[in-house]
Each structure stands twice: as C-alpha cells, then as structure tokens.
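What follows is a set of notes on a single structure, which appears directly below.
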Amino acid sequence: MIRKADEVLAEKFASLSNKNLKRGVIKIDVEGMEKVVLEGLSKALPENFKVVILFESWDKDFSFTEVVSFFNEMDVSFHSLVHKFPYEKKWPRVIKFMCLLLGSSSFSVQELKPIEGATGDIIIVAG
C-alpha cells in the first residue's frame, strides 16, 4: 500500500510528541526522491520539533531554495558532511586501504550556503 509521506510522518510525530520526544535525527535514503520526502516531512513536522535531516544528493539540480520554502517560517540551515583522508592521492592503493581499515580518515560538518547544484552528503537542521 502506498501512503502519502505527510500523513505517515504526522502519525509518527504525534506518537513521538505523546512521549515528549521533540528532537531527533532523520536519515533519508530514497534514491532520488529526497525532494518529495522533504516536502512531506515539512508539512508534517510540528513547529515545536527540531530535527537534523541527513541525506545524500547527487542531483546537481537539487533546489535548496525550494526546500527552504517547504519549511515556511521554520529556521532552516544547511551543512555538508565532509570526509577527509589523511593520505596523499599518489600513495599506493593498498596503503590507502590500510588507512581506511585503521580508521585514519575523519568526518567534519561544514556550513553549506544554500546554493543550487551542491552535491554530496547534505544535512538540514530544521526547527
């Protein structure tokens, strides 16, 4: 059965609100349908909730301006998850693999200006 995202999410948010849970993290992995899910999420998200939304987007036409409009008057900020590797590109593949196995890479979160065409791991803070 196919259901509308805003209806399903409204039920979920009501359930969380009844348990006094109003902050959380939402991971979206919908293979190119992020805009549809974000729009449904924005319609269902209560004003007193604050969420961090993580998703991957490789769509160069992804419209951050449109996403901001979904969330109406809520505060919305965009960030990107940046994966840093300590090794150099010229190192042999086996050394790079060993660095990955030993956990020598790191992640950082950087503010992302809502420009059109940004791709990669995107984080939205809303609420």
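The values are calculated or read from the model by the stated rules, or taken from the named source; none is laboratory data. Bear in mind that the values here come from a model prediction, so they are computed numbers and not experimental data. Positions of Cβ are generated from backbone atoms using ideal geometry, with glycine treated the same way; all protein chains shown enter the neighbour counts.
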- Restricting region 97-126 to residues that are modelled with pLDDT under 85 and on the phi > 0 side of the Ramachandran plot, the residue that is surrounded by the most Cβ atoms within 10 Å (Cβ to Cβ): G117
- Note on the structure: In the set A44, A10, A14, A5, the lone residue that is loosely packed, with under 13 Cβ neighbours inside 10 Å and more than 13 Å from the chain's Cα centre (by Cα) is A14
- Query: Considering only residues of region 63-75 that are under 25 Å from R3 (Cβ atoms) and touching a strand residue (DSSP E or B) at 6+ places or on another chain (Cβ under 8 Å), which is surrounded by the most Cβ atoms within 10 Å (Cβ to Cβ)?
  - Reply: V67
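What number of residues in region 47-62 are of a type outside the set (D, E) and exposed (fewer than 13 other Cβ atoms within 10 Å of the Cβ)?
Here the count works out to 3.
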